[in-house]
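The values are calculated or read from the model by the stated rules, or taken from the named source; none is laboratory data. For clarity, every value in this text was computed on a predicted model and none was experimentally measured. Counting neighbours? That spans all protein chains shown, and the Cβs are built from the backbone with ideal geometry, glycine included.
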Amino acid sequence: MESFTYSDLSHFNLPKISDKELKDVEWFFVKFQGADMCSVYNTRKTGNWIKGWALPETSVIRQTLENVIFPFLGGEGNVTIIKTIPGQALNEHIDAAAKEYGTTQYKFRWVLSGKLDTLYFFDETETRHYIPPINAYVMNGAHPHGMDNNGDEVKYTLCVGSPWKPNETFLNNIKKLNANHLNLPLLKEEWTDPRIEKKLENVRGVTYY
């Protein structure tokens, strides 16, 4: 089955971000993905999350989200950042429920800093297909993927997720872009987050982003 995989958003020319912008955030390790994460914007009413912004109004990350990314997406979503150190691999997974496999689950990603071409998607034979060196893209969270940080600096990847959902503004924007497609492999149980299957949306690190 052919699946939408990702669309390149590098034409946004989003800036490379200094890690000094993240010096005051709280990091937590998420076993399922195998990486440290932090929440920098949250609208959830319950759960052990920050409330609102963890970044000041002067933050380039915050200003870019408010002025460029959220308008493109047609709304706001919770914002999580993934940190991977050189030599670290992100576990292979899907950012979706098993029942959503074979559907398109749009996810926004912005590589704040670090090597760009380390994310890969599987095809039907589980061959890895690495994305080109782009720092912003929309991807299908329901397509199995992983990441090898084979660069020489820490990689920070920003993710926008729920409560944002595809809407008319976003769909009109995304259809103007070239889409990349790969055939899907058979779904493996270890690629799915058991916390999603149990609908534990308010637990830190659950991959609704």
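Select, from Lys31, Lys20, the only residue that is surrounded by fewer than 17 Cβ atoms within 10 Å (Cβ to Cβ) and more than 28 Å from Asp123 (Cβ to Cβ). Steps first, answer last, please.
Details: Lys31 fails: more than 28 Å from Asp123 (Cβ to Cβ).
So the residue among Lys31, Lys20 that is surrounded by fewer than 17 Cβ atoms within 10 Å (Cβ to Cβ) and more than 28 Å from Asp123 (Cβ to Cβ) is Lys20.
Conditions (1) surrounded by fewer than 21 Cβ atoms within 10 Å (Cβ to Cβ); (2) within 22 Å of Arg128 (Cβ to Cβ); (3) in contact with a Ser or Thr (Cβ under 8 Å, 6 or more places away or on another chain); (4) touching a residue at least 60 places away in the same chain (Cβ under 8 Å), marked per residue:
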{"residue": "Ile69", "(1), (2), (3), (4)": "no, no, no, yes"}
{"residue": "Glu76", "(1), (2), (3), (4)": "yes, no, yes, yes"}
{"residue": "Ile85", "(1), (2), (3), (4)": "yes, yes, no, yes"}
{"residue": "Arg109", "(1), (2), (3), (4)": "no, yes, yes, no"}
{"residue": "Leu112", "(1), (2), (3), (4)": "no, no, yes, yes"}
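What strands (runs of 3 or more DSSP E) lie completely within segment 112-165 and have 2 or more residues being more than 13 Å from the chain's Cα centre (by Cα), farther than 20 Å from Trp27 by Cα and at pLDDT 95 or above? Working first, answer last.
On the way: elements: 119-122, 128-130, 136-140, 145-148, 155-161.
Because the criterion is at least 2 residues that are more than 13 Å from the chain's Cα centre (by Cα), farther than 20 Å from Trp27 by Cα and at pLDDT 95 or above, the strands (runs of 3 or more DSSP E) in segment 112-165 that meet it are 119-122, 128-130.
Need the failing condition index for Ile69 against (1) modelled with pLDDT of 95 or more; (2) part of a loop (DSSP other than H, G, I, E, B), just the number.
Condition (2) is where Ile69 drops out.
Return a yes/no flag: does segment 47-60 have any residue that is surrounded by fewer than 20 Cβ atoms within 10 Å (Cβ to Cβ) and part of a helix (DSSP H, G or I).
yes
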